[in-house]
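One structure is given here, and the rest of the page talks about it.
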Amino acid sequence: MKFWSCVIVWLPLFIFFASSSCPAQDSLIVPGESHFKSLRQLTAGGENAEAYFSFDGNKLVFQSQRGNFHCDQIFTMNLDGSDVRLISTGKGRTTCSYFLPDGQHILYASTHLGGDECPPTPDRKKGYVWSLYPDYDIFVADTGGRIVNRLTNTRGYDAEAVVSPVGDKIAFTSIRNGDLDIYTMNLDGTDVRQLTHELGYDGGPFFSPDGKQIVYRAYHPETPKDSADYKELLAEQKIRPISLQIWIMNSDGTNKRQLTHNRSANFGPFIHPDGKRIIFASNMADTSKVPMNFDLYMMNTDGSRLERITHSSSFDGFPMFSPDGKYLVFASSRNGSTPYETNIFIAEWKE
């Protein structure tokens with residue numbers, strides 16, 4: 001299971017999948033999931049993840065490994081799973097896509113300038129590790145798939161980009177200064193500012209609805225041994241994302257606060273449209289299962305009032321609320337036909 005974040009065959013930009021194969025099914029709701037009024041499966045087959053709403057709430061952009069693609073590419077679709085369209089080039093590996101405010105452009109990270117083929121997956125000699133592909137840069141494409149801008153041009157990993165709901169800034173993760181830190185920039189790639197400076201991984205940022213705060217995931221080594229291990233992997237362009245905590249800070253990098261305090265992998269935090277709560281994924285209920293069992297949780301922005309949202313026996317992750325708070329989209333391996341299949345689901349939310 002990949003919890004983050006190709007034989008290359010060019011496909012037409014317009015790829016259609018019948019949504020009738022994924023009807024709304026209350027049977028998809030697991031006992032205890034009281035916040036779901038209804039739950040609809042939007043994709044069927046492959047590995048689909050990181051589905052995020054457009055600013056008007058009418059479209060989703062997501063990454064998927066499907067068909068002839070042997071690693072993730074970027075697609076868009078309607079909220080009922082129809083009209084699936086390829087946005088990325090079909091070359092290299094992509095990740096972390098997000099709509100721009102105009103709804104006509106999408107940013108995403110891609111390795112395609114480094115080669116047409118999928119970059120190799122990391123070996124497991126040092127356990128579960130995630131590759132920091134140095135060819136990742138952040139691009140902007142229109143909804144027809146034509147790249148119109150390259151926002152980053154530094155050697156090393158640049159990815160995990162999101163746009164502020166205010167529509168003025170992009171937050172992203174970069175290794176440009178030798179460590180994995182969070183940065184912001186304007187929508188055209190100018191005025192790059194580094195927000196985190198602590199040793200360790202800071203990434204997966206999301207803005208609050210008013211754009212004044214950023215919630216993110218972080219791993220900061222606590223012992224000399226942990227620091228040495230982190231630096232050794234980083235030199236190999238890898239990271240071991242087993243222990244991650246949720247943090248929040250002001251959007252200028254001030255007032256950093258740690259919100260979770262456990263020995264689990266907590267990731268994918270997103271601030272509810274009310275600005276008062278954070279939903280995120282964690283394996284805190286059981287860290288012993290392989291593949292790891294992740295569920296969605298919610299807490300206040302000060303870390304209080306933790307509540308478990310999903311109760312499936314496999315993977316639930318990458319949650320995002322629609323701008324009006326009426327829907328929750330997330331990736332899940334529930335109802336999958338194979339052990340590593342993940343699909344996109346959309347729930348009608350109820351308090």
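The values are calculated or read from the model by the stated rules, or taken from the named source; none is laboratory data. Remember, predicted model here, so these are calculated numbers, not experimental data. When we count neighbours, we look across all protein chains shown, and the Cβ atoms used for this are built from the backbone with ideal geometry, even at glycine.
So in region 292-313, with the set limited to residues that are over 20 Å from the mean Cα position of the chain (by Cα) and not in a strand (DSSP E or B), which one is surrounded by the fewest Cβ atoms within 10 Å (Cβ to Cβ)? The selected residue is Ser304. So which of Ile279, Ile346 is under 15 Å from the mean Cα position of the chain (by Cα), assigned to a strand (DSSP E or B) and of a type outside the set (Phe, Trp, Tyr)? Result: Ile279 is the single residue among Ile279, Ile346 that is under 15 Å from the mean Cα position of the chain (by Cα), assigned to a strand (DSSP E or B) and of a type outside the set (Phe, Trp, Tyr). Across region 54-108, the qualifying residues are those that are on the phi > 0 side of the Ramachandran plot and out of contact with any Pro (no Cβ under 9 Å at 6 or more places or on another chain), and the one among them that is modelled with the lowest pLDDT is Gly67. Considering only residues that are surrounded by fewer than 22 Cβ atoms within 10 Å (Cβ to Cβ) and in contact with a Phe, Trp or Tyr (Cβ under 6 Å, 6 or more places away or on another chain), which ones fall in region 135-161? Listed by number, the residues that qualify are Ile147, Arg150.
Just checking, how many residues over region 71-126 are among the hydrophobic types (A, V, I, L, M, F, W, C), in a loop (DSSP other than H, G, I, E, B) and more than 24 Å from Met185 (Cβ to Cβ)? Write out each step before concluding.
So in region 71-126, the residues among the hydrophobic types (A, V, I, L, M, F, W, C) come out as 71, 74-75, 77, 79, 84, 86-87, 96, 99-100, 106-107, 109, 113, 118.
Filter again for in a loop (DSSP other than H, G, I, E, B), leaving 71, 79, 84, 87, 100, 118.
Subsequent filtering for residues that are more than 24 Å from Met185 (Cβ to Cβ) retains 71, 79, 84, 118.
The qualifying residues number 4.
You will find that of Lys256, Lys225, Lys231, the residue that is under 27 Å from Lys169 (Cβ atoms) and among the basic types (Lys, Arg) is Lys256 and no other.
Counting only residues that are of a type in the set (D, E, K, R) and either farther than 28 Å from Gln213 by Cβ or at pLDDT below 95 (or both), which one in region 227-270 is surrounded by the fewest Cβ atoms within 10 Å (Cβ to Cβ)?
Residues of region 227-270 of a type in the set (D, E, K, R): 229, 231-232, 236, 238, 240, 252, 256-257, 263.
Now drop any that are not either farther than 28 Å from Gln213 by Cβ or at pLDDT below 95 (or both), which leaves 229, 231-232, 236, 238, 240, 263.
Numbers: Asp229: 14, Lys231: 15, Glu232: 11, Glu236: 13, Lys238: 17, Arg240: 16, Arg263: 9.
Applying the filter and picking the extreme gives Arg263.
For region 159-206, residues that are assigned to a loop (DSSP other than H, G, I, E, B) and of a type outside the set (Ser, Thr, Tyr) total 20.
Select, from Asp316, Asp252, the only residue that is part of a loop (DSSP other than H, G, I, E, B) and not aromatic (Phe, Trp, Tyr).
Details: Asp316 fails: part of a loop (DSSP other than H, G, I, E, B).
Of Asp316, Asp252, the one residue that is part of a loop (DSSP other than H, G, I, E, B) and not aromatic (Phe, Trp, Tyr) is Asp252.
Being more than 19 Å from the chain's Cα centre (by Cα) and not small (Gly, Ala, Ser) is a property that Val162 lacks. Taken over region 165-196, residues that are surrounded by fewer than 22 Cβ atoms within 10 Å (Cβ to Cβ), among the small types (Gly, Ala, Ser) and within 19 Å of Thr95 (Cα to Cα) amount to 1.
Yes or no: region 213-224 includes at least one residue that is touching a Ser or Thr at 6+ places or on another chain (Cβ under 7 Å) and assigned to a loop (DSSP other than H, G, I, E, B).
Residues of region 213-224 that are touching a Ser or Thr at 6+ places or on another chain (Cβ under 7 Å), as a first pass: 213-214, 219, 221.
Now narrow it down to the ones that are assigned to a loop (DSSP other than H, G, I, E, B): 221.
Yes - at least one qualifying residue is present in region 213-224.
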